[in-house]
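First up is the structure itself, then whatever we jot down about it.
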Amino acid sequence: MARIRVLVVDDHRIFAESLAAALAAEPDVDVSAAGSGPAALRALERAAAEGRGYDVLLVDAELGAQTSGEPPAVPAPRQEETAAVDGIALVAGVRAARPAVRSVVLAEKDDPRAAARALQAGASGWVAKDCSLQRLLSVIRGVLRDETHLPPALLTGVLRELTAARKHRTESERLVESLTPREREVLRCMVAGLGRKAVAERLFLSPHTVRTHMQNVLGKLGVHSTLAAVALARRAGVGPADAGTGGLGRDVVERGGQLAQ
């Protein structure tokens, strides 16, 4: 019998342990639990290194937002993990790094906008936490057949959100297309988190010229800050400049409407 390896990712210990125990009673399911996004990523890495990767992640929609004071799920995150990855970010990261792993988001309430974000991030399903075990098992087996599962009550709302998101993306793409090739290079550097001086060094331009290009980018995109330009660029699918230059991959920090140097 082919076994399904499931990782429950939830920072509420009682729920995580109860769900893991219920799933473990199934003859074809192996299950583990992680209490945070970073802990889940480490579990995925260990399993892959051992040649027994997980098939399905069950991810809490509110991961990282625990406020009840309840102890975290086992294994507990270390102190440095408290700036944890939220549920949607975890889904996106796993989808990018391990596309064979299917993610299902477990939610306490119906939320079309959050469900749409989860699907956009790469989730294969959105399921109520209080659904029956048989329903959850059906979803787990379904997503492994490349099915997408949503509660019927959410379908209309999710489709509306996805349509709106596509409209915003199309508008963003049109604005980005209005930029010159050099301005697009500057925009990609902005997306990468590079400040004006770093962009100047990378593109062999003077800081004054880079400043002018950045102002032109903001004007053509119809925004008033670098962070807004970066957000619009990401909606349009603009990626960061290639790695290999100092500062790539840093968080974008805005001071007075410009990237921090």
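The values are calculated or read from the model by the stated rules, or taken from the named source; none is laboratory data. This one's a predicted model, so the numbers in the text were calculated from it and none came from an experiment. Cβ sites come from the backbone with ideal geometry, for glycine too, and all protein chains shown count toward neighbours. We work out accessible area using only protein heavy atoms, side chains counted, and drop any ligands, DNA or RNA first. Shrake-Rupley method; radii C 1.70, N 1.55, O 1.52, S 1.80 Å.
For (1) aliphatic (A, V, I, L, M); (2) touching a Ser or Thr at 6+ places or on another chain (Cβ under 9 Å); (3) free of Cβ contacts under 8 Å to residues at least 12 places away in the same chain, each residue gets a yes or a no:
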residue: Glu26; (1), (2), (3): no, no, no
residue: Ala39; (1), (2), (3): yes, no, no
residue: Ala43; (1), (2), (3): yes, yes, no
residue: Asp60; (1), (2), (3): no, no, no
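Within region 94-118, the residues that satisfy the criterion of being touching a helix residue (DSSP H, G or I) at 6+ places or on another chain (Cβ under 7 Å) and open to solvent by 10 Å² or more (accessible area, probe 1.4 Å) are Arg95, Arg98, Val101, Arg102, Asp110, Pro112, Arg113, Arg117. Here the condition is being modelled with pLDDT of 90 or more, under 18 Å from Ser178 (Cα atoms) and in a helix (DSSP H, G or I); of Val217, Val230, it holds for Val217 alone.
Identify, from the list Glu183, Glu108, the residue that is farther than 21 Å from Leu90 by Cα and at pLDDT 85 or above. Walk me through it before giving the result.
On the way: Glu108 fails: farther than 21 Å from Leu90 by Cα.
Among Glu183, Glu108, only Glu183 is farther than 21 Å from Leu90 by Cα and at pLDDT 85 or above.
Taking (1) assigned to a helix (DSSP H, G or I); (2) at pLDDT below 90 in turn, Lys197 satisfies each apart from (2). A single entry from Ala83, Ala61, Ala65 fulfils the requirement of being at pLDDT below 95, more than 18 Å from Ala121 (Cβ to Cβ) and aliphatic (A, V, I, L, M): Ala83. Within region 141-197, the residues that satisfy the criterion of being more than 23 Å from Gly237 (Cβ to Cβ) and surrounded by 14 or more Cβ atoms within 10 Å (Cβ to Cβ) are Arg141, Gly142, Val143, Leu144, His149, Leu150, Pro151, Leu154, Gly157, Gly195, Arg196. Residue count for region 12-46 satisfying the condition of being surrounded by fewer than 17 Cβ atoms within 10 Å (Cβ to Cβ) and not β-branched (Val, Ile, Thr): 13.
Within region 127-140, the set of residues being in a helix (DSSP H, G or I) and either surrounded by 14 or more Cβ atoms within 10 Å (Cβ to Cβ) or in contact with a strand residue (DSSP E or B) (Cβ under 8 Å, 6 or more places away or on another chain) (or both) comprises Arg135, Leu136, Leu137, Ser138, Val139, Ile140.
Within region 141-172, if we keep just the residues that are in a helix (DSSP H, G or I), over 21 Å from the mean Cα position of the chain (by Cα) and of a type in the set (D, E, K, R), the residue that is farthest from Ala123 (Cα to Cα) turns out to be Glu171.
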